[in-house]
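The next block holds one structure in the form of structure tokens; read it before the comments.
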Amino acid sequence: MRNGRVRIDIEGVNRVVRALEYEGLVRDIGNTTEAYTRKMANESADYAPVKTGRLRNSIVSSPEEIDQTTWEYGSDEDYAKIQEYTNKTHKAFIRKSVWNNELPYTEKINSLVRQLGR
């Protein structure tokens, strides 16, 4: 987590896409990455501790596209990292959503790449 934000990125995807010369793959991976980033942001907000709602709202509204296949989300609230790592009952609210979605996201990306061979 950098600056209270999680970056969702697939290393090497640009090299694979250039080798395959298939722009549709970039679009499909980008759409999938966006969907999973927004899903994880919503889940993170659901897991987050709530006192005023500011932390939760900052997470839900944070997904941002960095490039075609890279998205990030998190919180700009000063206390977000403290809550993520030290809250007794709700810690790891961001990491938990990433852990829960890592395998389905990876499987979806793998299926997109496998479809190229058909």
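List, in order, the whole-Hz ³J(HN,Hα) value for each residue of segment 85-90 obtained from phi through the Karplus relation with A = 6.51, B = -1.76, C = 1.60 and θ = phi - 60°; use x for Gly and Pro.
9, 10, 4, 5, 10, 10
Work out, step by step, the length gained on full extension between ASN100 and LYS51: first 0.36 nm times the residue separation, then minus their alpha carbon distance; give nm to one decimal.
15.2 nm is the gain from fully extending ASN100 to LYS51.
Roughly what would the spin-label model give for ARG27 and ILE82, points 7 Å off Cα along C-beta, in nm?
4.7
Per residue of segment 44-60, in order, report the coupling 6.51 cos²θ - 1.76 cosθ + 1.60 (Karplus, θ = phi - 60°) as ³J(HN,Hα) in whole Hz, putting x for Gly and Pro.
Residue by residue, segment 44-60 yields 4, 4, 5, 7, 5, x, 10, 10, 10, x, 5, 4, 4, 4, 5, 6, 4 Hz.
No lab work stands behind these numbers, since they all come straight from the coordinates. Keep in mind that this is a model prediction, so the values were computed, not measured. Because the Cβ atoms are built from the backbone with ideal geometry, glycine has one as well, and the counts that use them run over all protein chains shown.
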